[in-house]
Amino acid sequence: MKLLICYQINLPENYWRTLIKELKSQNKKVLVFGKETEIYSDKDVQHISNFRDWCSIVNHKNCTNIISTITGGVYPAFICGNPSLKLIIIDNLDLVKVYGYDPSWYNDCINFTGIEKRILNYKPTIKELMEIINE
């Protein structure tokens, strides 16, 4: 299984590091994409540095999950993501409630690939995220 994480400043670095550590302990392949995510790369975590590669990865059948905060980096999943992909968006600032009517805020009208999308309006525990991933 491949899991992709987009990083954004509204969640602390230690949150992402703890999640990555848990994923690696379960032998899950972790790739990161997005602004400032290279800080998470190491011998087991690959940083995806360009948009073209990111689009290819979300289209690949082995890409099964994306965990992200509110960021534009998830839009390729709606346009070219593989149909078995699960997208988990952590909206801990509850912005989708305010802007969700707008297609640019993850509205279903832009989900051309029909991927499964789950928006969490809180900061889930790592255990909760792992349960969602393993469903």
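Region 84-135 gives an Rg/Rh value of 0.99, both radii derived from C-alpha positions and Rh following Kirkwood. Net charge of the neighbourhood of S84, taken over other residues with C-beta under 9 Å away and scored Lys/Arg +1, Asp/Glu -1, is +1. Straightening the chain between K123 and E22 buys 34.7 nm, computed as 0.36 nm per residue apart minus the Cα-Cα spacing.
Taking the inverse of the mean 1/r over every pair of distinct Cα atoms in the chain gives a Kirkwood hydrodynamic radius of 14.8 Å. Calculated accessible area for the chain comes out at 52 Å² per residue, all protein chains present (probe 1.4 Å; ligands, DNA, RNA ignored).
The relative contact order of the chain comes to 23 percent, based on Cα pairs under 8 Å that sit 6 or more residues apart.
Eigenvalues of the alpha-carbon gyration tensor of region 63-104, scaled by 5 and square-rooted, set the equivalent ellipsoid semi-axes at 20, 12, 8 angstrom, largest first.
Given +1 at the Cβ of Lys and Arg, -1 at the Cβ of Asp and Glu and no other charges, the dipole of the chain around its Cα centre is 340 debye to the nearest 20. Other residues with beta-carbon under 11 Å from the beta-carbon of V45 carry, at +1 per Lys or Arg and -1 per Asp or Glu, a net charge of +3.
Within the shell defined by Cβ-Cβ distances under 11 Å, the residues around I70 carry a net charge of -2, with Lys and Arg each +1 and Asp and Glu each -1.
Across region 40-104, the relative contact order, built from alpha-carbon pairs under 8 Å that are at least six residues apart, equals 30 percent. Taking the protein heavy atoms of region 63-114 in the context of the full set of protein chains, the accessible area attributed to carbon and sulfur is 63 percent at 1.4 Å.
The values are calculated or read from the model by the stated rules, or taken from the named source; none is laboratory data. Note that the structure is a prediction, hence the values are computed from the model and not measured. In this analysis, Cβ positions are derived from the backbone assuming ideal geometry, glycine residues included, and neighbour counts consider all displayed protein chains. Calculation scope for accessible area: heavy atoms of the full protein, side chains included, ligands and nucleic acids excluded. Shrake-Rupley method; radii C 1.70, N 1.55, O 1.52, S 1.80 Å.
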